[in-house]
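The structure appears right after this line, and notes come after that.
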Amino acid sequence: KEGGAEDDDEDDALEQELDVDEDQKYAEEYRQRESELMQSCSEEEWRRYESMRRSTFQEGGLKAFIAHAADVPASSLTKQLLFTVRGVSKIFVGEIVDTARLVRREWKDDESEPLQPRHIREAHRRLFLVGNIPAARKPKLFRR
């Protein structure tokens, strides 16, 4: 039995070493991809990318929103679900903002000014028309 315990320790040590090697490999690939991205972006695009990466939705507000929208108790929402919804939300907001910036440019509005609600509404309308935003369900007034 003692020999088996030593083998297990050796296996654990080897597994940890492989995990460290894998983590280092991943980190190096990540740095390389980020470097390539940085070289292909303008300074403004890079600042926007960094800002997007650092941004997040507050867990409490997101949890309350999902619980209300799905009509489930907030305590039943898992961390994995919140993580996934955060990621999808960031993508959604990014699409809205990018489309709103295009709208602002098409309308020849001053690009040094912040996006206006009319740009965002038009971006939402366009994304809805092409099917990137599903139709909202209207609540029924009377339930059976």
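The values are calculated or read from the model by the stated rules, or taken from the named source; none is laboratory data. Fair warning: this is a prediction, and the values are worked out from it, not measured in the lab. As a convention, Cβ positions derive from the backbone with ideal geometry for all residues, glycine included, and neighbour counts pool all protein chains shown. Note: accessible area is taken over every heavy atom of the protein model, side chains too, but ligands, DNA and RNA are not part of it. Shrake-Rupley method; radii C 1.70, N 1.55, O 1.52, S 1.80 Å.
Assorted remarks:
- From the alpha carbon centroid of the range 40-75 to that of the range 112-135 is 18 Å.
- Extension gain from Leu81 to Ser51, taking 0.36 nm per residue of separation minus the Cα-Cα distance: 8.5 nm
- In this simple spin-label approximation, Glu17 and Gln32 carry label points 7 Å from Cα along the Cα→Cβ vector, and these lie 2.4 nm apart.
- Burial ranking of peptide ranges 92-98, 122-128 (average Cβ count within 10 Å, highest at the top): 122-128, 92-98
- Across the options Ala123, Ser51, Ser35, the greatest Cα extent toward the positive end of the charge dipole of the chain (unit charges at beta carbon of Lys, Arg, Asp, Glu) belongs to Ala123.
- Here the Gaussian network model covers the chain, with springs between Cα atoms less than 10 Å apart; of Val20, Val130, Val88, Val20 fluctuates the most.
- Seen through its C-alpha gyration tensor, with square-root eigenvalues sorted a ≥ b ≥ c, the chain comes out oblate because a/c lies at 1.5 or above while a/b is not bigger than b/c.
- Average accessible area per residue (Å²) across the chain - probe 1.4 Å, nucleic acids and ligands excluded: 86 Å²
- Whole-number percent relative contact order across the chain, with pairs defined as alpha carbons under 8 Å at least 6 apart: 12 percent
- Residue-averaged [θ]222 nm for the chain, counting only DSSP H segments that reach four residues, each worth -39500 (n - 2.57): -25000 deg cm²/dmol
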